[in-house]
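Student: Here it is, the structure, as structure tokens.
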Amino acid sequence: MQKINNPWAGIEGYNCFGCSPDNPLGLRMSFAEDGDYIVSSWQPGGDFQGWVNTLHGGIQATLIDETAGWVVFRKLHTSGYTSKMDIRYLKPVSTADGPVTIKARLINQKLSMAFIEVRLYDSHDELCADATCVYRVYPRDVAERDFHFRDSK
């Protein structure tokens, strides 16, 4: 597995809730590449509960969405936005255990639409949520000009 350097770290105004390492209220996610997959390991804590010792479903959706976005950045070398997310919550995720793992991969691309499969596993490697995310992707020149896209390779 190869760690991905965040190409936006240190840019003034970059404060992404999902992946900015400098957002004190954010998730501060980091990513690695493992073959076709983009992978993130993230430690849930009490500040992200929906119920006692249970990770909030909206935080799970954010983890899933952010990892899918990094598939677009890394595998398609552009940026885009979430058009649709279909999530199945299969099992509660404890905030009192170890880290969760999120794995995502591109499953199809049609014109400007990217279809991404994402799975969220608990610290016991049990599947807790799975999703299909659909991203509208920009041509690279538009991503660079209008959305501060910087290739992470």
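The values are calculated or read from the model by the stated rules, or taken from the named source; none is laboratory data. The structure presented is a predicted model; accordingly, all values stated were derived computationally and were not measured. Don't worry about glycine lacking a Cβ; one is built from the backbone with ideal geometry, like all the others, and counts go over all protein chains shown.
Student: Which of the following residues is touching a residue at least 40 places away in the same chain (Cβ under 8 Å), surrounded by 18 or more Cβ atoms within 10 Å (Cβ to Cβ) and in contact with a Lys or Arg (Cβ under 6 Å, 6 or more places away or on another chain): C128, C133? Break it down into steps so the answer makes sense when it comes.
Tutor: Working: C133 fails: in contact with a Lys or Arg (Cβ under 6 Å, 6 or more places away or on another chain).
Selected residue: C128, the only one of C128, C133 that is touching a residue at least 40 places away in the same chain (Cβ under 8 Å), surrounded by 18 or more Cβ atoms within 10 Å (Cβ to Cβ) and in contact with a Lys or Arg (Cβ under 6 Å, 6 or more places away or on another chain).
Student: Out of the residues in region 1-48 that are of a type in the set (V, I, T) and within 16 Å of the chain's Cα centre (by Cα), which is nearest to T101 (Cα to Cα)?
Tutor: Among residues in region 1-48 that are of a type in the set (V, I, T) and within 16 Å of the chain's Cα centre (by Cα), the one nearest to T101 (Cα to Cα) is V39.
Student: In region 71-96, which residue that is farther than 18 Å from Y121 by Cα and aromatic (F, W, Y) is nearest to the chain's Cα centre (by Cα)?
Tutor: Here the answer is F73.
Student: Also: Looking at the structure I just gave you, is S112 within 28 Å of D146 (Cβ to Cβ), without any contact (Cβ under 8 Å) to a residue 40 or more places away in the chain, out of contact with any helix residue (DSSP H, G or I) (no Cβ under 8 Å at 6 or more places or on another chain) and among the hydroxyl-bearing types (S, T, Y)?
Tutor: Details: within 28 Å of D146 (Cβ to Cβ): yes; without any contact (Cβ under 8 Å) to a residue 40 or more places away in the chain: yes; out of contact with any helix residue (DSSP H, G or I) (no Cβ under 8 Å at 6 or more places or on another chain): yes; among the hydroxyl-bearing types (S, T, Y): yes.
It is true that S112 is within 28 Å of D146 (Cβ to Cβ), without any contact (Cβ under 8 Å) to a residue 40 or more places away in the chain, out of contact with any helix residue (DSSP H, G or I) (no Cβ under 8 Å at 6 or more places or on another chain) and among the hydroxyl-bearing types (S, T, Y).
Student: Looking only at region 66-80, how many residues end up being under 17 Å from T132 (Cα atoms) and among the hydroxyl-bearing types (S, T, Y)?
Tutor: Residues that pass the stated criteria total 1.
Student: In addition: Suppose the filter is part of a strand (DSSP E or B), closer than 25 Å to P21 by Cβ and modelled with pLDDT of 95 or more; does V118 pass it?
Tutor: yes
Student: Would you be able to tell me the number of residues in region 73-88 that are aromatic (F, W, Y) and either over 10 Å from V137 (Cα atoms) or part of a strand (DSSP E or B) (or both)?
Tutor: Selection size over region 73-88: 1.
Student: If you check A61 against the conditions, is it crowded, with 20+ Cβ neighbours inside 10 Å, farther than 20 Å from A9 by Cβ, of a type in the set (A, V, I, L, M) and touching a residue at least 24 places away in the same chain (Cβ under 8 Å)?
Tutor: It is false that A61 is crowded, with 20+ Cβ neighbours inside 10 Å, farther than 20 Å from A9 by Cβ, of a type in the set (A, V, I, L, M) and touching a residue at least 24 places away in the same chain (Cβ under 8 Å).
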